[in-house]
Amino acid sequence: MCGIVGYIGTRSAQDVLMSGLAKLEYRGYDSAGVAIMDGQGIQVRKKAGKLANLSSELEGAPLPGTLGIGHTRWATHGLPNDTNAHPHATEDGRLVIIHNGIIENYLTLKASLVARGHVFKSETDSEVLAHLIEEKYEQTLVGGQVGKLSEAVRLALGEVRGAYGIVVTHVDHREIVAARTVSPLVMGVGQGEMFLASDVPALLPYTRQMVFLHDGDLVVLSDDGFSITDLAGNAVTREIDQIDWDAEAAEKGGYDTYMLKEIFEQPVALTNTLMGRLHDETGEVNLDIGLDPGSFKRISIIACGTAYYAGLVGEYLIEQLARIPVEVDVASEYRYRNPLVSGDTLAIVISQSGETIDTLEALREAKRGGARTLGVINAKGSSMTRELDDTLYIHAGPEIGVASTKAYTSMVGAMLMLALWLARARGTQSEAQARELLHAARALPRLVEEALAPERVERIKQVAEKYAHARDYLFLGRGVNAPTALEGALKLKEISYIHAEGYAAGEMKHGPIALIDAQLPVVVVATESRLLEKTISNVQEVRARAGKVILLLSDGDTENAQHADDVIYVPRSHEMVSPIVNVVALQLLSYFTATALGKDVDKPRNLAKSVTVE
Ligand code: F6R
């Protein structure tokens, strides 16, 4: 996350940037900064901490000028201090950039820039862009005239691997150049003025004419308008949308609910979780964790609710891939069961909010027993992060919908990375296996995007509506997808209030089978896996008792479709990463069931987003 604003026109740039940043502070508040062009050059002001710190600084000494860029940061590389805050300028201060995202090959780029004499001020990956664009700009200078900024940005981005939304200004030009890949950017079109932002609410006070930039778009904003090209320099046409959303709708990005918005944000959230951490060419897993992965004999995973189910997937992955014994506990049980903990235990707590009191107290219990502690956390600066030895942030961005969706897939993504990190340190996977898994993990954002294709969403809606009046639901899955069934059942009961049970498919015959009759929809996660045949046997047991079978099958599996009343196809994925792809269909199934029943999915009854009571 991180928020970007840009302005060129006739108003005070400082006012536009600061009001826009206030609307984007939800995207991060580790530091904030602006760069504003006046008659003399580009003035940069940046401050660690919340936007209010920058505001007070500017109140004392406002910056004049009608062209500027601004940023509110959620730190990924480098501490959240004044120096690492954006914008970043070149040594001569003539070129200034803001970057949202992660430059994966920044260390290589930085080394060669330093070798060519560039001096870096910050520890960020972003500063690389300022120096690289400066070099390219010099290459576009012909006979001492001014260079071509957009060309320089384009050439620099050709050397960059990763995710970015960037905005660039240069003293020689009254223009802003921006580009995006993965990180969002929307452009606002005014009369004699142009705007840019990471999200619509920042622009609504000024214009309703907006252009949503696509991946690979490079745009030049001037006082008179804008032009867009792709990264090869070919002209691109994008429609200007008239945005009629009110402020609340804008915060939901045009979706009816936060939950739906967050379901659709999963490809980007996962990109942010995985980005810069898995390197499939070298097989490296770089999690920036100080703990020694070779020093643990056992792992204890502790969490609540949806996060607990992410922990169950984690148990499976860590035991399979890294061969370390893992136990998973519901936090409220862990803290009172007098757990056996020792110095060679790694306690991993998983939490979106980082505030859940049961998990926090369980963390304290693990610490009392001498365990070393690692958090898989979304909310920066939350209570747990202050007590953990180390934190692996999932970078899913703020989750507002009470029912967790994108935090879940990002948590499972983080558990997958931890399993790979431990496996690498312990040498439990061959080079070829490790590479295959890294490759499968890196494919996840694309696969989840595919899982959200309109025709798939429509199909899930049909199935949801068909069974929306069921009194109960059963969800089954096996192996690494047994927790997917549990999470599917939890989501359904949370937002639709339909009673749902999740079970390991093989366990059904030991009890829940008694529930099956012609009224009971049974959702079975039966995607490609080494246990698929066994799962299909369980499906037959349901059918023999007249249960209604809804099968989640891998694309192309027409053979098993014959066992279903209804089929939901999902993209094929490596079994070890499939819980992330498969759960998306179950999130949508719950969502459309709840909306068919007219429920308030963002604020389900009796629930709270952050549970800080025992
Ligand atoms: C379910 C849900 C809850 C949370 C649980 C833990 O959709 O959101 O079950 O997962 O309350 O919350 P965190 O992850 O904030 O510790």
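The values are calculated or read from the model by the stated rules, or taken from the named source; none is laboratory data. The model shown is predicted, which means the values in this text are computed figures rather than measured ones. Every residue, glycine among them, receives a Cβ derived from its backbone with ideal geometry; neighbour counts consider all protein chains shown. Ligands, DNA and RNA are excluded from the accessible area calculation, which covers all protein heavy atoms including side chains. Shrake-Rupley method; radii C 1.70, N 1.55, O 1.52, S 1.80 Å.
Entry remark, region 119-164: residues being surrounded by 15 or more Cβ atoms within 10 Å (Cβ to Cβ) and farther than 26 Å from H279 by Cα number 11 in total.
Looking at G381, G354, which is the one that is on the phi > 0 side of the Ramachandran plot, within 16 Å of the ligand (Cβ to nearest atom), part of a loop (DSSP other than H, G, I, E, B) and buried (at least 20 other Cβ atoms within 10 Å of the Cβ)?
On the way: G381 fails: buried (at least 20 other Cβ atoms within 10 Å of the Cβ).
Result: G354 is the single residue among G381, G354 that is on the phi > 0 side of the Ramachandran plot, within 16 Å of the ligand (Cβ to nearest atom), part of a loop (DSSP other than H, G, I, E, B) and buried (at least 20 other Cβ atoms within 10 Å of the Cβ).
If the condition is being part of a helix (DSSP H, G or I), within 16 Å of the ligand (Cβ to nearest atom) and crowded, with 24+ Cβ neighbours inside 10 Å, then region 386-436 contributes K406, A407, Y408, T409, S410, M411, V412, G413, A414, M415.
Yes/no matrix, rows are residues, columns are (1) of a type in the set (D, E, K, R); (2) out of contact with any Pro (no Cβ under 6 Å at 6 or more places or on another chain); (3) in the same structural domain as A156 (by TED's automatic domain parsing):
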{"site": "A22", "(1), (2), (3)": "no, yes, yes"}
{"site": "D38", "(1), (2), (3)": "yes, no, yes"}
{"site": "G41", "(1), (2), (3)": "no, yes, yes"}
{"site": "R45", "(1), (2), (3)": "yes, yes, yes"}
{"site": "E57", "(1), (2), (3)": "yes, yes, yes"}
{"site": "N100", "(1), (2), (3)": "no, yes, yes"}
{"site": "L109", "(1), (2), (3)": "no, yes, yes"}
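Every listed requirement among (1) in a helix (DSSP H, G or I); (2) surrounded by fewer than 23 Cβ atoms within 10 Å (Cβ to Cβ) is met by K47 save one, (1).
Considering only residues that are under 26 Å from Y316 (Cβ atoms) and more than 11 Å from the ligand (Cβ to nearest atom), look in region 368-378 and name the one that is most open to solvent (accessible area, probe 1.4 Å). Among those residues, the one meeting the criterion is R372.
Is it the case that region 215-225 has a residue that's closer than 26 Å to Y591 by Cβ and either more than 23 Å from the chain's Cα centre (by Cα) or away from the ligand (no atom under 16 Å from the Cβ) (or both)?
The initial filter retains those residues of region 215-225 that are closer than 26 Å to Y591 by Cβ, namely 215.
If we keep only those that are either more than 23 Å from the chain's Cα centre (by Cα) or away from the ligand (no atom under 16 Å from the Cβ) (or both) as well, we get 215.
Yes, there is a match, as at least one residue in region 215-225 is closer than 26 Å to Y591 by Cβ and either more than 23 Å from the chain's Cα centre (by Cα) or away from the ligand (no atom under 16 Å from the Cβ) (or both).
Among the conditions (1) without any contact (Cβ under 8 Å) to a residue 60 or more places away in the chain; (2) open to solvent by 60 Å² or more (accessible area, probe 1.4 Å), the only one that R94 does not satisfy is (1).
Mind listing whichever residues of region 34-74 are touching a residue at least 60 places away in the same chain (Cβ under 8 Å) and within 26 Å of the chain's Cα centre (by Cα)? Walk me through how you get there before you give the answer.
Within region 34-74, the subset touching a residue at least 60 places away in the same chain (Cβ under 8 Å) is 35, 37, 41-42, 67-74.
Listed by number, the residues that qualify are I69, G70, H71, T72, R73, W74.
Contact map, region 395-407: residues that are more than 17 Å from I350 (Cβ to Cβ) paired with residues that are open to solvent by less than 10 Å² (accessible area, probe 1.4 Å) and of a type in the set (D, E, K, R), Cβ distance under 7 Å, separation 6+ or inter-chain. Pairs shown: G401/E262.
Can you tell me which residue in region 446-474 is nearest to the chain's Cα centre (by Cα), limited to those that are closer than 21 Å to G162 by Cβ and open to solvent by less than 20 Å² (accessible area, probe 1.4 Å)?
Kept after step one, since they are closer than 21 Å to G162 by Cβ, are these residues of region 446-474: 446-449.
Among the residues that remain, those that are also open to solvent by less than 20 Å² (accessible area, probe 1.4 Å) are: 447-448.
Values: L447: 14, V448: 12 Å.
Within region 446-474, the match that is nearest to the chain's Cα centre (by Cα) is V448.
Do we have any residue at all in region 184-207 that's acidic (D, E), open to solvent by 30 Å² or more (accessible area, probe 1.4 Å) and more than 21 Å from K148 (Cα to Cα)?
Taking region 184-207 and keeping what is acidic (D, E), we get 193, 199.
Still in the running and open to solvent by 30 Å² or more (accessible area, probe 1.4 Å): none.
No, every residue in region 184-207 fails to be acidic (D, E), open to solvent by 30 Å² or more (accessible area, probe 1.4 Å) and more than 21 Å from K148 (Cα to Cα).
Determine, yes or no, whether A322 is within 13 Å of the ligand (Cβ to nearest atom), more than 22 Å from the chain's Cα centre (by Cα) and surrounded by 23 or more Cβ atoms within 10 Å (Cβ to Cβ). It is false that A322 is within 13 Å of the ligand (Cβ to nearest atom), more than 22 Å from the chain's Cα centre (by Cα) and surrounded by 23 or more Cβ atoms within 10 Å (Cβ to Cβ). Against the test of being open to solvent by 20 Å² or more (accessible area, probe 1.4 Å), among the small types (G, A, S) and under 20 Å from H469 (Cβ atoms), the options A518, A514 yield a single qualifying residue, A518.
Among the candidates G70, G78, single out the residue that is assigned to a loop (DSSP other than H, G, I, E, B) and of a type in the set (G, A, S).
Numbers: G70 fails: assigned to a loop (DSSP other than H, G, I, E, B).
Matching residue, one of G70, G78: G78.
Working only within region 325-337, note down all residues that are more than 16 Å from the ligand (Cβ to nearest atom) and over 19 Å from D390 (Cβ atoms). Within region 325-337, P325, E327, Y336, R337 qualify.
Within region 292-305, the residues that satisfy the criterion of being assigned to a loop (DSSP other than H, G, I, E, B) and either among the small types (G, A, S) or open to solvent by 20 Å² or more (accessible area, probe 1.4 Å) (or both) are D292, P293, G294, S295, K297, C304.
The number of residues in region 123-165 being closer than 18 Å to H88 by Cβ and either at pLDDT 95 or above or within 25 Å of the chain's Cα centre (by Cα) (or both) comes to 26. The criterion of at least 2 residues that are β-branched (V, I, T) and away from the ligand (no atom under 16 Å from the Cβ) is met, among strands (runs of 3 or more DSSP E) falling completely within region 475-569, by 521-525, 548-554.
To keep it simple, each residue is scored yes or no on (1) touching a residue at least 12 places away in the same chain (Cβ under 8 Å); (2) within 16 Å of the ligand (Cβ to nearest atom); (3) part of a helix (DSSP H, G or I).
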position	(1), (2), (3)
W245	yes, no, no
G253	yes, no, no
I263	yes, yes, yes
V268	yes, no, yes
E281	no, no, no
A307	yes, yes, yes
L312	yes, yes, yes
E315	yes, no, yes
P339	yes, no, no
